[in-house]
Amino acid sequence: MKFGIVGYKGRMGNEVKLLFEEKGHEFVWGYDKDGEYFSQTPELIIDFSLPEVLEKTIEFVKNFKVPLIIGTTGLSEEQLQSLKLLSQEIPIVQSYNFSIGIQLFLKVVDLLKEYIDGWDIEIVEAHHRFKKDKPSGTAKMIKECLEKEVPISSLRLGNVPGDHILYLANLGEVLTISHRALSRRAFADGVYKSANFILNKENGFYIFEDVMFEN
Ligand SMILES: NC(=O)C1=CN([C@@H]2O[C@H](COP(=O)(O)OP(=O)(O)OC[C@H]3O[C@@H](n4cnc5c(N)ncnc54)[C@H](OP(=O)(O)O)[C@@H]3O)[C@@H](O)[C@H]2O)C=CC1
Ligand SMILES: O=C(O)C1=N[C@H](C(=O)O)C[C@H](O)C1
């Protein structure tokens, strides 16, 4: 496939580009802080950038009329709504975390959440010092899945690719669920799965859970 990336010079942009090229696909278009790279029209666009770039991304996918995979975190409710509106015109996969492990983490949380009334619940996330948003998008997903007001602590430490821990405690025991991404390859793999998924899809708003658990 011929793919394009918004944020192609960034950490995730680079990792995704590398993985897709290893699989034999062609990087033909990119957009970053210093402008556009164009060699051919892409068949899909992947966005790992910043919330303030979203308007540009929407403009590009509308012009090219191609599917979008977006992993950028820190989007406002209004921005998520504008993506949902756009998904009437193109297929979109959106997720704040493209790793398999976090999807399984969320399944476990969904299973246990009806048994933890009265427990103390805390989320701790740790990421590299360069991360711009706080708390992480994944921590927000875990909180949303719990359907409770839960405190989130954010640590910014060295070069950590992404750790998430959920603590659950009653007076007699502590249950922890934890996930560590060992490198950005874990996220890029999920983006690759999403690319193969989205190329055959009708217009619509999909999440990574749809990609992972599609029959
Ligand atoms: N969903 C998921 O699984 C994951 C999501 N993420 C999210 O992806 C996003 C990117 O993360 P990461 O790759 O680490 O960040 P980076 O800062 O490394 O990459 C972002 C890129 O966008 C560029 N950029 C900044 N401003 C603009 C602009 N106005 N127009 C165009 N390009 C711009 C940056 O340039 P410059 O560096 O010069 O500012 C950089 O090249 C974050 O929101 C992060 O939370 C990250 C990992 C996994
Ligand atoms: O910025 C990152 O690096 C990451 N961001 C995502 C988030 O905010 O949850 C996913 C991952 O943990 C890495």
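The values are calculated or read from the model by the stated rules, or taken from the named source; none is laboratory data. A quick note: this is a predicted structure, and the numbers were derived from the prediction, not measured. Neighbour counts are summed over all protein chains in view; Cβ atoms, including those assigned to glycine, are modelled from backbone coordinates with ideal geometry.
Summary of values
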| quantity | calculated |
| --- | --- |
| D110 being away from ligand 2 (no atom under 15 Å from the Cβ) and in a loop (DSSP other than H, G, I, E, B) | no |
| Residue list for the stretch 176-205, filter: touching a residue at least 24 places away in the same chain (Cβ under 8 Å) and away from ligand 1 (no atom under 16 Å from the Cβ) | I177, L199, K201, E202, N203, G204 |
| Of all residues making up the stretch 78-99, the number that are within 16 Å of ligand 1 (Cβ to nearest atom), not in a loop (DSSP other than H, G, I, E, B) and either not assigned by TED's automatic domain parsing to the domain that holds G190 or not aliphatic (A, V, I, L, M) (or both) | 2 |
| Residue within the stretch 174-182 that is in contact with a helix residue (DSSP H, G or I) (Cβ under 8 Å, 6 or more places away or on another chain), assigned to a loop (DSSP other than H, G, I, E, B) and crowded, with 16+ Cβ neighbours inside 10 Å present | yes |
| Test: I121 is within 29 Å of V174 (Cβ to Cβ), within 16 Å of ligand 1 (Cβ to nearest atom) and at pLDDT 95 or above | no |
| Given (1) assigned to a helix (DSSP H, G or I); (2) under 21 Å from S99 (Cα atoms), number of the condition T57 does not satisfy | (2) |
| Near pairs, Cβ below 7 angstrom, 6+ apart or cross-chain, from the stretch 77-99 (farther than 17 Å from L50 by Cα) to any residue that is of a type in the set (A, V, I, L, M) and part of a loop (DSSP other than H, G, I, E, B) | I90/V66; S99/A181 |
| Output for the stretch 124-163, where each listed residue is part of a loop (DSSP other than H, G, I, E, B), among the β-branched types (V, I, T) and more than 16 Å from ligand 1 (Cβ to nearest atom) | V150 |
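Residue-by-condition table, conditions (1) over 14 Å from G71 (Cα atoms); (2) of a type outside the set (A, V, I, L, M, F, W, C); (3) surrounded by fewer than 14 Cβ atoms within 10 Å (Cβ to Cβ); (4) in the same structural domain as S49 (by TED's automatic domain parsing):
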| residue | (1), (2), (3), (4) |
| --- | --- |
| V109 | yes, no, no, no |
| K143 | yes, yes, no, no |
| V160 | yes, no, no, no |
| Y206 | no, yes, no, yes |
